[in-house]
Structures are given as structure tokens and as C-alpha cells.
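Worksheet: the structure to be examined is printed underneath.
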Amino acid sequence: MEAQEELVPVTPVEPPSVLRWRTMLAVPVAAAFAFALHLFIAKNEPPLEAHSYKLLYVEVIGVSILLALGRRFSPGLRRWMANMWPVFTAAIVFICIWDVITLGLRILPLPYFPGPAAVLRSLINDRFLLLDSTWHSLALLLGGYSLGVIAGLISGVCIGWSAPVRYWGMPLLKVVGPIPATAWIPLAMVLAPSAIVSSAALIALAVWFPVTMLTASGISNTRASYLDVARTLGAGPGYLIFRVAIPAALPNIFIGLFMGLGASFLTLVVAESVGVKSGLGWYVSWAQGWAEYGKVFAALIIMAAFFSTIMTLLFKLRDRVLVWQKGVIKW
Amino acid sequence: MVAIAQVDAASLVVRDVKKSFPAPDNPLSRRQALDGVSFSLAAGELVSLVGPSGCGKSTLLRLVAGLDFADAGDLLVGSEPITQPNAERGLVFQDPNLFPWLTVRRNIQAGLVARGVLQEKKNEVDQFMRLVGLESFANVYPHHLSGGMAQRAALARALINHPKVLLLDEPLGALDAFTRMRMQDEVLRIWEARRTTMLLVTHDIDEAIYMSDRIMIMTPRPGRIERTIEVGLGRPRQRDSTDFLRLRSDILNYLHFAGQK
């Protein structure tokens with residue numbers, strides 16, 4: 001027989017590729033304004049200090065004009081500009097306000113609140129050390145996070161699936177889990193052979209708890225009828241765990257992965273600033289020790305970019321793995 | 001339609017089966033869900049089990065599927081006692097229960113994967129998708145399917161294991177009246193092509209008369225089979241023939257009478 005019922009495909013709604021003039025011009029105009037404003041504010045400062053800051057605005061103006069010229073050839077570019085330009089404009093306005101408050105009106109005390117030009121200068125002057133710190137943070141974060149995820153998935157599946165493991169494991173989890181990983185620092189320093197190992201273990205611990213909790217609840221809440229159906233199809237325990245319970249728990253598991261990622265950022269930065277002698281957390285406290293707040297802000301900017309990139313990657317992974325949840329059809 | 005080799009259907013024997021559950025209001029006492037249920041299905045027979053809700057139909061079906069254990073009595077498929085769920089006894093629920101994380105094709109081949117025989121039986125997946133008319137929806141995820149399509153996919157998923165007995169627990173109960181009638185013909189067509197022994201639980205008397213060789217009427221508290229009716233109408237059946245309607249009013253009267261007792 002033929003399929004009489006209609007299949008309704010869910011097409012993602014795309015934003016219109018209409019790019020208004022005022023949207024398109026907002027970025028170069030804002031950049032030009034910021035440039036002029038800075039010239040006015042900083043007329044008493046030594047000009048070399050703000051060289052790269054001014055250069056940045058020249059580049060922003062140049063690139064935005066180039067993109068405005070190139071928009072005719074690519075609807076994708078048009079859509080991206082229409083979507084992102086307001087945000088970029090707001091960012092430039094924000095930096096302007098920062099410039100006015102710090103360098104212009106000197107409302108915030110120096111040296112704790114340098115202007116954007118000084119921060120950009122620190123960022124550029126110290127780029128090699130910042131890159132190196134980022135690299136060390138990444139290695140430590142990935143090492144600790146993956147260790148915690150693997151341990152969390154294993155213990156979560158065991159606790160969620162097996163009643164005896166749940167009986168003995170749950171009390172332990174409930175008592176030990178809520179202790180913030182950073183509270184273990186004094187013990188970890190003594191127990192672990194090196195600061196790197198103890199920090200990786202702390203990050204793993206911070207990740208392990210939410211991943212275990214969410215995995216266990218996802219597994220134990222697997223719809224009984226899915227398991228019943230699988231058993232009548234001839235499924236053994238391997239199929240029931242790996243092809244029914246774990247896929248059914250994946251939405252929960254991802255919540256655990258996100259919570260674990262947040263906890264791992266926190267633990268990473270704290271561990272680096274008290275024990276490890278490398279990484280962004282160490283860089284921040286080191287720069288603070290020298291009262292170089294431009295470097296502190298530079299490191300914060302790098303951290304923001306670094307952590308949000310990792311978060312975005314995890315979102316992308318989730319969208320891929322949980323494609324069946326989202327109403328996307330793969331033909 | 002697609003010719004799929006006939007399976008060796010098996011007989012099903014249920015002898016003096018008892019099952020009780022803890023009473024929900026008083027955990028110390030037990031409520032008798034099934035009290036001495038006996039019946040048997042010959043190989044290739046299609047038999048319905050009708051009765052008001054709460055009479056133990058689904059409990060009985062879970063016992064036959066091997067998902068629960070009887071307190072007493074024997075359950076046999078052929079001459080083998082039922083001890084655990086088995087691919088020989090397929091089960092289709094009212095809710096299709098397709099795995100939402102698998103595409104239609106992967107749902108249908110789930111039984112082959114579970115038994116580790118996907119490689120040698122890969123070509124059957126396409127046959128069964130054609131059998132239920134879903135070949136063009138192979139790569140669609142279940143939540144894009146209508147109720148009828150999802151239930152057809154669930155049927156194909158149960159049939160791909162070539163079960164000797166197919167247990168249907170109100171499989172069409174959640175469908176609208178028109179889809180349900182079309183699906184009844186669908187199930188009958190599959191049954192006629194494959195001659196699988198089928199035990200159909202339903203609360204729709206028309207459905208029972210239209211589809212089955214025999215109708216067993218169950219009454220609740222405790223659940224037991226009150227009466228078995230031979231349908232004895234030729235196939236294909238007419239939903240509006242005099243014999244059909246007379247049988248229907250007989251059963252309705254009987255159920256009403258059974259309720260007064």
C-alpha cells in the first residue's frame with residue numbers, strides 16, 4: 001500500500017537576506033566615531049601608546065567597507081551581516097563608553113581600570129606569553145575534563161543501571177559530590193606528585209559529579225516500554241544498555257556535560273592561580289602581582305574567547321548527536 | 001504485495017495461569033489480576049481478547065511475552081515453556097514505542113541488530129519496509145511520522161524477527177477511526193501472507209469480529225476468560241453484513257449482562 005499520510009518536513013526558518021543601509025553603515029560609522037572620540041580624549045597622551053588601538057579602527061572601517069561592497073555577490077554574507085552588524089555596533093559603542101569612563105573622564109581609579117587602548121597594547125605586547133598560557137590551560141582543561149567525563153559516564157551508567165551499585169554508590173555521591181572541587185585543593189596538593197596532576201584530578205572531580213548525576217538519572221529514567229520492546233526483539237544486556245538506555249539518556253547526559261564544563265572552567269582558573277605555574281589563571285594572578293591591570297584585562301578577554309569557543313563546540317556536538325530531537329531531517 | 005516466506009507459526013498454550021499484584025491501597029494484601037486463565041491458540045490462528053479495561057488483558061499479554069512471571073500455571077509456545085522475552089514472540093503496544101533516536105530504517109532493523117544477524121539479513125529490511133509501505137521514509141526520525149505510519153513501522157519492527165507468535169496490545173487503539181480500519185486490513189493482509197499466530201488484545205468489539213477467528217471475552221476482578229466465541233464468518237468480512245451485526249449485538253448484550261452480575 002502507499003503511504004497516504006502526509007509527511008510534514010520541518011524547514012528551518014531563515015532570516016531574510018535583506019540588509020538595510022543603516023544596518024550596513026552602522027559598523028563603519030561607529031568605528032569612525034570611536035576613532036575620532038579617542039583622538040579627542042587622548043590628545044594629551046603620548047601618541048605611540050594608542051597606535052594599535054587606532055589601527056584597529058582603521059582596519060574595522062576598511063573591512064566593513066569591503067564587506068559592504070562584497071555583499072552583492074553572496075546572500076550568505078548579506079544574511080550574516082544583517083544578523084551580526086547590530087551586535088558588532090553595540091560592541092564598538094560599549095568600548096567607546098569604556099574609553100570615555102576610563103581615559104576620558106577618569107571616573108574609575110587607575111591603575112585598576114586601564115582604557116581599551118592600554119588593554120589592547122598589553123594584549124599585543126604580551127601575545128606570546130598569552131598564547132603559551134592559553135595552550136597550557138587548554139591542555140590541562142582537556143586532560144581533566146575528558147578524564148572526568150569518562151569517569152562520570154562509567155559511574156553514571158553503573159549507578160543508573162544496577163540497583164546494588166545505586167544502593168552503595170548513591171550515598172557516596174550525595175555526600176562527596178556537592179563539595180566544590182576547589183575545596184579539595186589543600187589535600188590534592190599533598191597527595192598528587194605534581195601541581196599539574198593534582199589540578200587535572202581536581203578538574204576531573206569537578207566534572208565527574210554533574211556528569212555522574214545526570215547520566216545516572218537519565219539511565220534510570222529510561223522509559224520502561226523502550227526496554228520491554230527491545231527485550232521482545234531479542235536484545236541482551238549489552239543492547240539494552242548501549243543502544244537503548246544510553247541513547248535515551250543522552251539529552252540528560254549533555255546537560256551534565258554542560259554543567260561539568262562550567263565547573264571545569266572555574267576549577268581550572270582557581271587551580272592555576274594557586275598551584276600550577278602556567279596557564280591563563282596563573283597569568284592573571286601574576287599580572288595582578290605586578291599591578292599590570294592591562295594584562296589582567298587582556299587575559300580576561302582571552303579567557304572569554306577561549307571558554308566560549310569550547311562551549312560553542314560542545315553545543316555543536318550536542319546538535320549533531322541529538323539531531324533526532326530537533327526536528328531536523330537528514331535525507 | 002511482497003512475498004515473504006511463510007514462517008512456521010507455533011501454537012500457544014496458557015494453562016491455569018494465576019497472577020496477583022500488591023493492592024495499591026494496601027501493600028500488605030494482594031489483588032488477583034488473573035485467576036486461572038486457560039486457553040490455547042492453534043498455529044496460525046488469529047484470536048482476540050476483549051474485555052473492559054482493568055480485566056487483566058495486558059497483564060496476560062506481558063506474561064505471554066515473558067516480560068512478567070506468572071504466580072502459577074503453564075505458558076507454552078509449541079512445547080517450550082515461556083521463561084523470558086524472546087524474539088520468537090513479537091509484541092506491539094498501543095504506543096508504537098519507536099526509538100526516537102533511530103531513523104525508521106534503523107528502528108525496523110533493531111531486532112536484527114539486537115540478535116547480531118544484521119549482516120546476513122540486511123536485504124530483509126527493505127522487504128519489510130515495503131511490506132508496510134514505508135520505503136520512502138527510511139531516513140526519517142519517528143517524530144515526523146503520523147500515528148498510523150509509526151504503528152506500521154512498529155509492526156515491521158516486530159515482524160522482521162519472524163516471530164512464531166505476534167502479540168498485539170491494542171495496537172490500533174490510539175488511531176482515528178478511518179486509519180484504524182485501514183490498519184485492520186493491513187494487519188489482516190500481513191497475517192494472511194505470513195500466517196503468524198496472533199493474539200490481539202482490543203477493547204473494540206467491531207475490530208475483534210472483523211479480524212479474528214475466535215473472540216475470548218475476559219471479565220475483571222479477578223480476571224478470567226468468561227466465554228469464547230467462534231466468529232465463523234468467511235473472509236474478507238463485511239462490517240455491515242447481518243451476521244456481523246448480529247454477532248456484535250450478542251457480544252454487547254453479553255458484556256452488559258456480565259457487568260450486571
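The values are calculated or read from the model by the stated rules, or taken from the named source; none is laboratory data. All of these numbers come straight from a predicted model, not from anything done at the bench. With ideal geometry, Cβ positions are generated from the backbone for all residues, glycine too; neighbour counts draw on all protein chains shown. Side chains are part of the model used for accessible areas, which takes the heavy atoms of the whole protein and leaves out ligands, DNA and RNA. Shrake-Rupley method; radii C 1.70, N 1.55, O 1.52, S 1.80 Å.
Relative contact order for chain A: what is it in percent, counting Cα pairs under 8 Å that are at least 6 residues apart?
Normalised by residue count, the contact order of chain A is 19 percent.
Which translational diffusion coefficient, to the nearest whole µm²/s, is obtained for the protein assembly as shown from the Stokes-Einstein equation, given a Kirkwood hydrodynamic radius over C-alpha pairs, 4 °C and 1.567 mPa s?
Numbers: Rh = 29.7 Å.
It diffuses with D of about 44 µm²/s by this estimate.
Return an integer: the convex hull volume of the alpha-carbon atoms of region A:127-325, in Å³ per residue. Mind dumping the intermediate values first?
Values: hull volume 24.6 nm³, N = 199.
Convex hull volume per residue, Cα atoms: 123 Å³.
Report the gain in length on full extension from A:Trp21 to A:Ser225: 0.36 nm times residue separation, minus Cα-Cα distance, nm rounded to one decimal. Mind showing how you got there, number by number?
Details: separation 204, 0.36 × 204 = 73.44 nm, distance 5.68 nm.
Contour length minus the Cα-Cα distance gives 67.8 nm.
For A:Ile101 and A:Ser285, FRET efficiency with R0 = 25 Å and r from the beta-carbon atoms, rounded to 0.05? Could you put the intermediate results ahead of the total?
Numbers: r = 25 Å, r/R0 = 1.02.
FRET efficiency, A:Ser285 to A:Ile101: 0.50.
Not counting ligands, DNA or RNA, and with a 1.4 Å probe, what is A:Lys316's accessible surface area in Å² rounded to the nearest 10?
Accessible area, nearest 10 Å²: 140 Å².
Keeping all protein chains in position, work out how much accessible area B:Met149 exposes to a 1.4 Å probe, and write it in Å² to the nearest 10.
Here the residue's solvent-accessible area equals roughly 0 Å².
Where does chain A land at 222 nm, in deg cm²/dmol rounded to the nearest 500, when only DSSP H runs of n ≥ 4 count, each adding -39500 (n - 2.57), divided by all residues? Before the final figure, lay out the partial values.
Values: 12 runs with 235 residues, N = 331.
Value at 222 nm, helices only, nearest 500: -24500 deg cm²/dmol.
So what's the gap between the Cα centers of region A:147-190 and region B:173-205, to the nearest angstrom?
With region A:147-190 and region B:173-205 each reduced to a Cα centre, they are spaced 50 Å.
Give me the accessible area per residue for region A:127-325, probe 1.4 Å, as a whole number in Å². Walk me through the intermediate numbers first.
Numbers: 9460 Å² over 199 residues.
So region A:127-325 comes to 48 Å² accessible per residue, rounded to a whole number.
Using a 7 Å offset from Cα along Cα-Cβ at A:Val63, what residues in region A:117-143 end up with backbone N under 11 Å from the label point?
none
With a 1.4 Å probe and every protein chain left in place, tell me how much accessible area B:His256 has, in Å² to the nearest 10.
Its accessible surface works out to 120 Å², give or take rounding.
Tell me, what is the FRET efficiency for A:Thr312 and B:Ala193 to the nearest 0.05, using R0 = 41 angstrom and their Cβ-Cβ distance as r? Walk me through the intermediate numbers first.
Values: r = 52 Å, r/R0 = 1.28.
E(calc), rounded to 0.05, equals 0.20.
Which whole number gives the average, over all residues in A:222-231, of C-beta atoms from other chains lying within 10 Å of the residue C-beta? Let's see the in-between values first.
Working: counts 0, 4, 1, 6, 5, 3, 8, 18, 6, 9.
Per residue, the number of nearby Cβ atoms from other chains is 6 on average.
Could you state the angle between the C-alpha long axis of helix B:242-260 and the longest principal axis of the C-alpha atoms of chain B, as a value from 0 to 90 degrees rounded to the nearest 10?
50 degrees
Between the helical axis of B:147-159 and the dominant principal axis of chain B, each derived from Cα atoms, what acute angle in degrees is found, rounded to the nearest 10?
Value to nearest ten degrees: 90.
Taking chain A as the reference, fit the longest principal axis to its C-alpha atoms, fit the long axis of helix A:21-41 to the helix C-alpha atoms, and give the angle between the two in degrees, 0 to 90, nearest 10.
Taking the Cα atoms of chain A, the angle to A:21-41 is about 60 degrees.
Among the listed pairs B:Lys19/B:Lys164; B:Lys57/B:Lys164; A:Lys174/A:Lys295, which are separated by more than 31 Å between their Cα atoms?
Table pairs above 31 Å Cα-Cα are A:Lys174/A:Lys295.
Evaluate the relative contact order of region A:16-125 (contact order divided by residue number), counting alpha-carbon pairs under 8 angstrom at least 6 apart; express in whole percent. Show your work: numbers first, answer last.
Working: 94 pairs, mean separation 45.3, N = 110.
About 41 percent, as a whole number.
How long, wide and thick is region A:171-220, going by the Cα atoms along their three principal axes, in whole angstroms, largest first?
Projected onto its principal axes, the Cα set of region A:171-220 covers 38, 18, 13 Å.
Could you compute Rg(Cα) / (2.2 N^0.38 Å) for region A:16-125, with N its residue count?
Details: Rg = 15.7 Å, N = 110, 2.2 N^0.38 = 13.1 Å.
Normalised by 2.2 N^0.38 Å, the Cα Rg of region A:16-125 equals 1.19.
Between A:Asp319 and B:Arg30, what is the spin-label point distance in nm, taking each point 7 Å from the Cα along the Cα→C-beta axis?
5.5 nm
Tell me what chain B gives for mean residue ellipticity at 222 nm when only DSSP H runs of n ≥ 4 count, each as -39,500 (n - 2.57), the sum divided by the residue total, rounded to 500 deg cm²/dmol.
Working: 8 runs with 90 residues, N = 261.
About -10500 deg cm²/dmol.
Using only the Cα atoms of region A:48-196, each taken as one equal point scatterer with no solvent, compute I(q) by the Debye sum, divide by I(0), and report log10 of the ratio at q = 0.11, 0.14, 0.15 Å⁻¹.
-0.83, -0.95, -0.98
Binning every alpha carbon pair distance of region A:193-292 at 10 Å from zero, what are the percents per bin?
Computed distribution, short to long bins: 16, 29, 22, 16, 11, 5, 1.
From other protein chains only, count the Cβ atoms within 10 Å of every residue's Cβ in B:146-158, then give the mean. Spell out each step's value before the answer.
On the way: counts 6, 1, 3, 5, 1, 0, 3, 0, 1, 0, 0, 3, 3.
Other-chain Cβ atoms within 10 Å of each residue's Cβ, averaged: 2.
In µm²/s, what is D for region A:133-251 at 10 °C and 1.306 mPa s, where D = kT/(6 pi eta Rh) by Stokes-Einstein and Rh is the Kirkwood radius from Cα pairs? Present the calculation step by step, with values, prior to reporting the outcome.
Values: Rh = 15.6 Å.
Translational diffusion coefficient: 101 µm²/s.
For region A:129-173, divide the Cα radius of gyration by the Kirkwood radius and give the resulting Rg/Rh value with two decimals. Before the final figure, lay out each step's value.
Values: Rg = 16.2 Å, Rh = 12.4 Å.
Computed over Cα atoms, the ratio is 1.31.
Hey, what's the Kirkwood Rh for chain B if you take every pair of different alpha carbons, in angstrom?
Details: mean 1/r = 0.0524 Å⁻¹.
Hydrodynamic radius (Kirkwood, Cα only) of chain B equals 19.1 Å.
Efficiency by 1/(1 + (r/R0)^6): what FRET value for B:Arg221 and B:Asp185, r their Cβ-Cβ distance, R0 = 35 Å, to the nearest 0.05?
Working: r = 35 Å, r/R0 = 1.00.
According to the calculation, E is roughly 0.50.
Find the relative contact order for chain B and round it to a whole percent, using C-alpha pairs within less than 8 Å whose residues are 6+ positions apart.
On the way: 498 pairs, mean separation 71.8, N = 261.
Averaging sequence separation for qualifying contacts and normalising by length gives 28 percent for chain B.
Looking only at Cα atoms, what is the convex hull volume of region A:78-118 per residue, in Å³?
Values: hull volume 2.7 nm³, N = 41.
It comes to 65 Å³ per residue, whole-number rounded.
Convex hull over the Cα atoms of region B:59-201, averaged projected area in nm²?
If you wrap the Cα atoms of region B:59-201 in a convex hull and average its projections, you get 8.8 nm².
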